[in-house]
Every structure is written in structure tokens, then in C-alpha cells.
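The values are calculated or read from the model by the stated rules, or taken from the named source; none is laboratory data. What you are looking at is a predicted structure, and each value in this text was computed from that prediction instead of being measured. Every residue, glycine among them, receives a Cβ derived from its backbone with ideal geometry; neighbour counts consider all protein chains shown.
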Amino acid sequence: MTVVRLPDGSERTYEQPVTVGDVAASIGAGLARAALAGKVNGKLVDISSRIETDSDLSIVTERDTEGLEIIRHSSAHLLAHAVKELFPEAQVTIGPVIEDGFYYDFSYKRPFTPEDLAAIEKRMAEISARNLKVERKVLERSAAINFFKNQGEHYKAQIIEAIPGDEEVSLYSQGNFTDLCRGPHVPTTSRLKVFKLMKLAGAYWRGDSHNEMLQRIYGTAWVKKEDQEAYLHRLEEAEKRDHRKLGKHLALFHIQEEAPGMVFWHPKGWIIWQQVEQYMREIFRNNGYLEIRTPSVLDKGLWEQSGHWENFHENMFITQSEEREFAVKPMNCPGHVQVFKQGLKSYRDLPLRLAEFGSCHRNEPSGALHGIMRVRAFTQDDAHIFCAESQVQDEAVQFIDLLQKVYTDFGFNELLVKLSTRPQKRVGSEEQWDKAEAALQSALNRKNLVWDLQPGEGAFYGPKIEFSLKDSIGRLWQCGTLQLDFSMPERLKAEYVAEDNSRRVPVMLHRAILGSLERFIGIIIENYAGALPLWLSPEQAVVLNISEGQADYARHVTEELRRHGIRASADLRNEKITYKIREHSLQKLPYQIIVGDKEVAAQVIAVRTRTGSDLGQMSLQAFIQRLTAEISIRAGAV
């Protein structure tokens with residue numbers, strides 16, 4: 001007898017072993033048709049997989065997250081199948097699922113073209129329509145190697161040879177195509193109905209530049225056509241909002257080859273930076289943080305003490321002077337501990353919140369660099385809270401409140417939270433990790449936040465809470481972090497005098513809200529498509545005269561705006577007013593002030609917004625009051 005326990009708590013008993021598909025059919029014909037795979041005792045398996053002992057089972061359908069991943073993984077196989085039919089000499093390598101889709105790498109004698117891509121996608125649809133059964137078989141390692149070598153698939157043979165041990169390997173076949181894979185996969189190719197090939201790219205075999213350059217084909221796959229259409233629309237929106245294009249168009253910043261991953265800020269871009277930094281400095285000041293500044297280059301010995309040399313060395317820039325080895329700081333925490341250690345601290349000094357706009361450098365791979373979103377030189381709104389263990393909960397809760405306020409002020413109202421626990425490579429005792437993870441979990445629960453667990457994704461010195469914000473087109477950006485660290489203060493010999501006069505090691509909370517200022521500004525630019533809220537806009541208003549006769553009045557209006565703290569300029573060029581309006585609209589300036597003879601005579605101004613709304617005539621004082629109120633609100637664009 002085999003007992004199968006279902007997610008609703010019910011049990012079904014079978015006289016002999018059954019497949020996942022058999023169980024689905026016994027529940028109902030609708031579920032049998034919808035079933036893509038099963039989860040047996042927590043492990044994903046094909047619907048053809050046999051259940052031979054009492055087990056927990058959930059049926060995976062298109063509605064499940066795992067179901068969509070299976071569809072995408074199977075679509076990668078469908079892509080490889082189509083390529084092999086059209087280009088038999090091509091060799092297949094790897095084809096994993098990625099965010100929103102999949103890719104497959106191929107070795108072929110000539111570059112694929114956009115026309116090839118269209119033909120491959122058409123053939124994928126044809127194979128899907130054949131309704132081929134997808135079947136799994138298991139071979140001994142040596143037999144699998146020989147099978148692929150005989151097929152001329154030498155990359156597949158290499159993959160199997162690199163698998164440790166002598167365990168058997170699984171192969172999946174659909175029609176005349178067979179691929180190496182752990183699975184699971186859809187039961188038939190007809191389950192793959194909504195997909196699209198997106199682009200071509202190059203990729204080195206095994207990511208090693210010494211190996212052959214392969215051709216990577218990216219694709220996307222979805223359950224419903226409308227889901228795919230929504231995704232493609234988001235991509236179009238993302239393309240319009242690309243911060244690199246907007247940064248150039250709006251003259252905010254640039255990056256050049258002589259300083260890879262490092263930003264040249266232009267005057268307008270630097271105004272945005274200053275507004276963000278000054279806002280965060282106000283946040284520091286109003287919430288009990290003391291701002292400090294620490295050196296950018298520190299001796300190797302300190303990095304060894306902190307644990308960074310062992311756990312982060314490959315990402316650090318190293319330099320030497322007078323036979324001493326130094327590292328440019330990738331993080332600010334060891335320097336903040338040195339400030340804490342100056343002078344004996346008492347429990348009365350805690351919590352001590354030290355903040356820094358810390359300039360950091362990390363040796364990121366050149367292929368990972370992306371505009372100002374992923375750089376090598378960046379500044380963090382970094383702070384470290386030194387506190388007693390009994391204060392951790394309150395400090396964590398206060399930080400979460402502060403983070404939510406900041407994101408709201410920047411116009412972000414949706415927040416996703418994840419708790420990342422101990423990684424394999426870490427420092428500190430298991431007892432310390434137990435306490436740290438429990439403390440962060442308790443703080444999240446006190447705030448009644450919905451959060452997900454990320455096992456093994458914590459920092460090497462402690463667990464962390466990750467805060468991701470959702471932008472205006474639904475993308476998630478991980479920005480804020482709160483990390484609890486029992487280890488580093490102990491390693492760096494930080495201590496304070498407790499109430500009983502004993503010496504104790506403080507707990508250290510690493511925290512950032514924006515993360516990298518460069519990256520956060522890139523997110524802001526894309527969120528607002530360059531049309532920044534008034535308080536962040538580099539130029540808040542431009543005064544346009546219709547003819548030379550209003551030039552003096554336009555200058556007067558501009559001077560008055562500036563005197564009241566409004567970032568304004570005058571465009572007095574001898575151009576048609578329609579030309580000037582269009583040009584400044586393309587620059588996404590929040591307000592345009594137009595002055596002609598009527599405005600001069602009445603000593604008023606005519607106001608337009610960047611969206612084209614005509615606010616009509618008003619007094620300059622009324623306009624200044626309007627802008628002052630809007631700036632004070634902060635969030636939201638015109």
C-alpha cells in the first residue's frame with residue numbers, strides 16, 4: 001500500500017506504486033490536464049515519476065511559480081531542438097532558466113543572424129504543435145558520455161565528465177532530440193505555447209575568456225499571451241527609461257573607458273547628487289546619527305583582522321607603499337570600529353550611531369558593469385549602530401520605520417523584504433549566528449512585515465534583512481540592508497563598560513537605506529523616466545521671453561526665483577517661443593514661465609508644466625508659494 005498525503009491534509013491510498021500523473025488523474029480530469037510536474041517530499045519531479053513509498057505530494061500546475069520555471073526550462077530545450085533541426089552541425093552546451101526567461105549557448109561555425117532567430121522561433125512553434133512526448137531516462141555516466149560523443153555533442157560530454165562522483169545522469173528526449181538535464185520538464189511539447197526569442201549575445205564556454213566564444217540565444221516564455229505582452233511592454237518602457245540614455249540626453253553624467261565603472265558627474269547630475277546627499281544628511285541629523293569620515297586606504301593587517309581579506313580579497317583593489325600592503329576600502333565597517341574604539345565607551349554611550357557617506361571601491365568584473373547601476377567606485381549612505389544586545393530589537397524596528405519614510409519621500413510605496421541567513425563561507429560561532437538570525441526575525445515580526453527567507457544568502461559576518469523597492473513599471477530594486485554582526489567588533493577588539501563594570505563587546509548593526517548613491521540615483525532616473533520630482537530636478541523652472549522687449553522682466557523673474565531658493569534660469573535666445581517650449585519640454589524641466597507683453601504689463605507670469613498643462617497667469621509670489629509647497633512635500637512628479 002502507498003499512502004499519498006496532499007497539501008489540504010487529505011490522504012489517498014493506492015495498492016501499488018503510482019506516478020504523479022496517476023494521482024492527479026485520480027483527483028480529477030481537470031487537474032490531470034493541468035499537471036506539469038509534482039513535488040514529492042519537497043522535491044520537484046516529472047509527472048511520470050513513480051511514488052513507491054508513503055509520501056507528501058503537491059501537484060505543480062501553470063499557476064505555481066515552479067510551473068512557470070518548468071515551462072521556461074522546457075522552452076530552452078525546445079529552442080535547442082529547433083536549432084539542431086535547422087543547423088545540425090551546431091553543438092548545444094547549457095540552457096538554464098533566468099529571470100523572466102531562459103537562454104541557450106551554442107557552438108556554430110558562423111554567427112546567427114536576426115533572420116536565423118526568426119526561423120528558429122518559427123520552428124519552435126512547429127515542434128510544439130507536434131505534441132511530442134517528453135521522456136526521461138537514466139544512463140550510467142560512461143554510457144551518457146559515449147552517447148553524446150557519438151552524437152558529436154562534445155560540450156555535453158565535457159559537462160558530464162566534470163560532474164563529481166560516478167552517479168547516473170538523466171537525459172530527456174522529445175522526438176529525435178535528446179538533451180542532458182536533471183529536469184523536471186513538461187510532459188509534452190504542446191504545453192509550450194507562449195514564447196519569444198529576444199536577442200543574440202556572445203558568451204565564453206564556462207565563462208572563461210580563454211575558451212571558445214559561444215553564441216547565446218535569449219528567450220522568454222509565459223503561461224498566458226497577455227502575460228508575455230505585459231512583459232514586452234515593460235521592456236519597451238525600460239528601454240525608454242534607460243538611465244544611461246537619459247543621463248546623456250539630460251547631460252547628467254558620463255562614463256568612459258579610462259575610468260571603467262567610475263562616474264563623471266556633470267553640473268546637472270551633481271545637483272541631483274547633492275539633493276540626495278543633503279536629504280540623507282538631514283535624516284542622519286534628525287535621527288541621532290553622528291557623521292564621520294574615515295580613510296579610503298587601510299593596511300592589509302586591519303582587513304585580515306576584520307575577515308575581509310579572507311572572504312572578500314578578490315573584490316578589493318590592492319596597493320603598496322614602503323613595503324607595506326594596503327587595500328582601498330570596499331566597505332566602511334572596519335574604519336567605523338576604529339572610531340568607536342577611540343576612548344573608552346560606557347553603556348550610557350549606547351546606542352552609538354556612526355554614519356558616513358563612505359567612498360568605496362570594489363573590483364567588479366568589467367562584464368558586470370552597467371551605467372551607474374553597477375560601478376567600481378561608489379558612495380554609500382552607510383552607518384553602523386553600536387549597541388548592547390538588549391537594544392538590538394528597538395534599533396532594528398526604528399531603522400525599518402526610517403527606511404520606509406525615506407522610500408516614501410522618494411516616491412516608492414511598495415516594499416519587499418527578505419531575511420538572508422548564514423552563508424557557507426562565514427566567520428563567528430554558530431551560537432552567534434543563531435542569536436543574530438533570531439533577533440532580525442523578531443524585529444520583522446514586531447513590524448508585522450511580510451517577508452521571505454533566503455537561506456545561505458547572508459554576509460560572511462552576519463545575517464541581513466534586504467529591502468527591495470518596486471518602481472513605477474513594476475521592477476524590483478534591492479537597496480536597503482540591515483545586517484546584525486556579533487563577530488567583527490569582537491575580531492577588532494571593540495568593547496564598552498557595562499553596568500556591572502565588566503568589559504563587553506558591542507553588537508554592531510550595519511545599515512544602509514539607499515545603498516550606493518550612484519545606483520539609487522540611476523533607479524530614480526528610470527522610475528521617473530527623467531522627469532524628476534521638483535525637489536530633485538536639477539533645474540526647477542525656466543523663464544522664456546517671447547521677444548527682446550520682455551528680456552529685462554524675464555531676468556527679474558529669474559532673479560526673484562533664485563532669491564527664494566528656486567533653481568531657475570532664463571532662456572533669452574532670439575528663437576520662436578514654440579521652439580523654446582519644445583526644447584525645454586524635451587529636457588523634462590518641471591515648469592516653464594512664459595513672459596510676453598501682456599505679462600509685463602500686468603506684472604504676472606504665464607506658467608506651463610512639463611506635461612503640457614497650461615496653468616494660466618498668476619503672480620510671481622503665488623508661483624513661488626506653489627513651488628515652495630511642492631518642494632516641501634518632496635515625493636511625486638509634476
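Taken across the stretch 192-214, residues that are crowded, with 18+ Cβ neighbours inside 10 Å, part of a loop (DSSP other than H, G, I, E, B) and modelled with pLDDT of 95 or more do occur, with at least one present. No other residue among Ala76, Ala37 is in the same structural domain as Glu121 (by TED's automatic domain parsing), under 19 Å from Tyr172 (Cα atoms) and among the hydrophobic types (A, V, I, L, M, F, W, C) apart from Ala76.
Counting only strands (runs of 3 or more DSSP E) that fall entirely inside the stretch 1-113 and contain at least 2 residues that are over 29 Å from Tyr231 (Cβ atoms), the qualifying elements are 2-5, 11-14, 55-60.
The set of residues from the stretch 417-455 being touching a Lys or Arg at 6+ places or on another chain (Cβ under 7 Å) and either closer than 29 Å to Gly474 by Cα or of a type in the set (Lys, Arg) (or both) comprises Ser420, Trp451, Asp452, Gln454. You will find that of Ala29, Ala25, the residue that is surrounded by fewer than 14 Cβ atoms within 10 Å (Cβ to Cβ), aliphatic (A, V, I, L, M) and over 36 Å from the mean Cα position of the chain (by Cα) is Ala29 and no other.
Answer with yes or no whether Ser537 is out of contact with any helix residue (DSSP H, G or I) (no Cβ under 6 Å at 6 or more places or on another chain), among the polar types (S, T, N, Q) and closer than 30 Å to Gly335 by Cα. Full working, then the answer.
Working: out of contact with any helix residue (DSSP H, G or I) (no Cβ under 6 Å at 6 or more places or on another chain): yes; among the polar types (S, T, N, Q): yes; closer than 30 Å to Gly335 by Cα: no.
In short, no.
Within the stretch 323-352, residues that are closer than 24 Å to Ser502 by Cα reach partners that are surrounded by fewer than 19 Cβ atoms within 10 Å (Cβ to Cβ) and charged (D, E, K, R) with beta carbons closer than 8 Å, at six or more positions or on different chains, in the pairs Lys341/Lys493; Lys345/Glu495; Tyr347/Glu499; Leu352/Lys345. Taking the criterion of being over 35 Å from the mean Cα position of the chain (by Cα) and of a type in the set (S, T, N, Q), the residues of the stretch 578-612 that qualify are Thr578, Gln592, Gln603. Restricting attention to the stretch 293-315 and to residues that are surrounded by fewer than 18 Cβ atoms within 10 Å (Cβ to Cβ) and in contact with a helix residue (DSSP H, G or I) (Cβ under 6 Å, 6 or more places away or on another chain), the residue that is farthest from Phe460 (Cα to Cα) turns out to be Gln305. For residues that are surrounded by fewer than 11 Cβ atoms within 10 Å (Cβ to Cβ) and in a loop (DSSP other than H, G, I, E, B), tally how many sit in the stretch 612-636. The number of residues fulfilling the criteria is 2.
Considering the stretch 81-115 alone, what residues qualify as being closer than 20 Å to Val194 by Cβ and among the hydroxyl-bearing types (Ser, Thr, Tyr)? Walk me through how you get there before you give the answer.
Residues of the stretch 81-115 closer than 20 Å to Val194 by Cβ: 81-83, 95-104.
Tyr103, Tyr104, listed by residue number.
Of the set (1) part of a loop (DSSP other than H, G, I, E, B); (2) in contact (Cβ under 8 Å) with a residue 40 or more places away in the chain, all apply to Glu314 but (1).
Would a scan of the stretch 535-542 turn up a residue that is surrounded by fewer than 22 Cβ atoms within 10 Å (Cβ to Cβ), among the acidic types (Asp, Glu) and in a helix (DSSP H, G or I)? No, the stretch 535-542 contains no residue that is surrounded by fewer than 22 Cβ atoms within 10 Å (Cβ to Cβ), among the acidic types (Asp, Glu) and in a helix (DSSP H, G or I).
I'd like to verify a number: residues in the stretch 448-494 that are free of Cβ contacts under 8 Å to residues at least 12 places away in the same chain and crowded, with 16+ Cβ neighbours inside 10 Å, how many? Residues flagged as free of Cβ contacts under 8 Å to residues at least 12 places away in the same chain and crowded, with 16+ Cβ neighbours inside 10 Å within the stretch 448-494 amount to 0. The criterion of at least 3 residues that are free of Cβ contacts under 8 Å to residues at least 24 places away in the same chain and more than 26 Å from Gly530 (Cα to Cα) is met, among helices (runs of 4 or more DSSP H) falling completely within the stretch 546-608, by 551-563, 597-602.
Can you name every residue in the stretch 501-534 that is more than 20 Å from the chain's Cα centre (by Cα), in contact (Cβ under 8 Å) with a residue 12 or more places away in the chain and part of a strand (DSSP E or B)? Steps first, answer last, please.
Of the stretch 501-534, the ones more than 20 Å from the chain's Cα centre (by Cα) are 501-509, 531-534.
Imposing the further condition that a residue be in contact (Cβ under 8 Å) with a residue 12 or more places away in the chain reduces the set to 504-509, 531-534.
The answer is Arg504, Val507, Met508, Leu509.
State yes or no: is Ser537 closer than 23 Å to Ser472 by Cβ and without any contact (Cβ under 8 Å) to a residue 24 or more places away in the chain? So Ser537 fails the test.
Within the stretch 270-282, restricting attention to residues that are aliphatic (A, V, I, L, M) and within 12 Å of Leu514 (Cα to Cα), the residue that is surrounded by the fewest Cβ atoms within 10 Å (Cβ to Cβ) is Val276. State whether one or more residues within the stretch 375-384 are surrounded by fewer than 16 Cβ atoms within 10 Å (Cβ to Cβ) and basic (Lys, Arg). So far as the stretch 375-384 goes, no, none of its residues is surrounded by fewer than 16 Cβ atoms within 10 Å (Cβ to Cβ) and basic (Lys, Arg). The residue that is farthest from Leu509 (Cα to Cα), counting only those in the stretch 375-408 that are of a type in the set (A, V, I, L, M, F, W, C) and in a strand (DSSP E or B), is Ala377.
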